[in-house]
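Presented below is the structure to which this report refers.
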């Protein structure tokens, strides 16, 4: 009996948990962030046209590296939290997020024409970012309760879709088309992984498709409709709405197979692409490292996503599996939307490339999500029925 108790204590100890972390996933995350630091060093460094000497500006890279270092520690700490705690905060996080989204309409801070931020003293933050994690957590908790109670009717999926639709609509009002797309996509992915029938998937898809014209003509702002139209015909306004997209595609095409070389991108040097270090950072990757370098980044992200889905599939609890699958879906949408808008397959909606683009908000969301993934991995054999999660 004593030996068994000692074994349990060892398994609950900090040292044991650290040895059981998903180190391959951690190494993949670190590798992507390290590559992002190198790209941001290139983004901030320019050649002096008179002397042709490189003037290094490490500010972007150092800020990115320091933020990642802090959030890596946060992710490790978060990974040690028990799943029952994640489940306990799922509903409150969703409710607080919805309330804050409503508050944005009344007391939001307008930045660059969009009312997406709340100001609390010196702290300014986007409530919509919280929903990227709160929505999959809420749905995971909801389905865990429903399935534990033996309920699996069509209505539980309809209510789940409404839980997704409410924050999506509020985010779309800010306006923030990119985040609204991500929240809707992540929520629908969790509903799909919960085991909804193919007939219902088709019905929901048709319902969403029927809503598209309504959203396009009555919910989107003029500049958002212009971005969608520019995606199909960027040459229509080459000096206006289509400028950034056209310059980005030129940068990608000029990289060829192997690229022009690190810190040798002409589009970056001539400052042809606005905000290239954020949403359009993939153009630097493509121009300086070419097709093979771009492919390597996509493969690295593919490895991270596959590891995440492996964690989701190995979880014995409905909550853990769906929460992990929801976050992996969020990551997938980050990558697909960012790359898609840079190459002209999707409208430009302001979605960064995680761990590579410069920005503080996205790295907080992504690293907390990775902490959740590792928490699911550490608790993969726990079905959570012993903790009263019903």
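The values are calculated or read from the model by the stated rules, or taken from the named source; none is laboratory data. Since the model is a prediction, treat every value here as computed from it, not as a measurement. Cβ atoms come from the backbone with ideal geometry, glycine included; neighbour counts cover every protein chain shown.
Things worth noting here:
- Any chance residue 145 is surrounded by 14 or more Cβ atoms within 10 Å (Cβ to Cβ), part of a helix (DSSP H, G or I) and at pLDDT below 85: no
- Restricting segment 228-259 to residues that are buried (at least 18 other Cβ atoms within 10 Å of the Cβ) and either over 30 Å from residue 217 (Cβ atoms) or in contact with a strand residue (DSSP E or B) (Cβ under 9 Å, 6 or more places away or on another chain) (or both) leaves a set whose member that is modelled with the lowest pLDDT is 251.
- Residue that is nearest to residue 249 (Cα to Cα), among those in segment 333-356 that are touching a residue at least 60 places away in the same chain (Cβ under 8 Å) and part of a helix (DSSP H, G or I): 342
- Test: residue 364 is within 30 Å of residue 42 (Cα to Cα), surrounded by fewer than 24 Cβ atoms within 10 Å (Cβ to Cβ), free of Cβ contacts under 8 Å to residues at least 24 places away in the same chain and under 12 Å from the mean Cα position of the chain (by Cα): no
- Boolean, residue 140 is surrounded by 21 or more Cβ atoms within 10 Å (Cβ to Cβ) and under 21 Å from residue 87 (Cα atoms): yes
- Reported count of residues in segment 357-388, each being in a helix (DSSP H, G or I), farther than 30 Å from residue 228 by Cβ and either in contact with a helix residue (DSSP H, G or I) (Cβ under 6 Å, 6 or more places away or on another chain) or at pLDDT 85 or above (or both), is 12.
- Some residue of segment 330-337 being over 22 Å from residue 178 (Cα atoms), modelled with pLDDT of 90 or more and either surrounded by 19 or more Cβ atoms within 10 Å (Cβ to Cβ) or touching a strand residue (DSSP E or B) at 6+ places or on another chain (Cβ under 9 Å) (or both): no
- Given (1) within 23 Å of residue 69 (Cβ to Cβ); (2) modelled with pLDDT under 70; (3) exposed (fewer than 13 other Cβ atoms within 10 Å of the Cβ), number of the condition residue 18 does not satisfy: (3)
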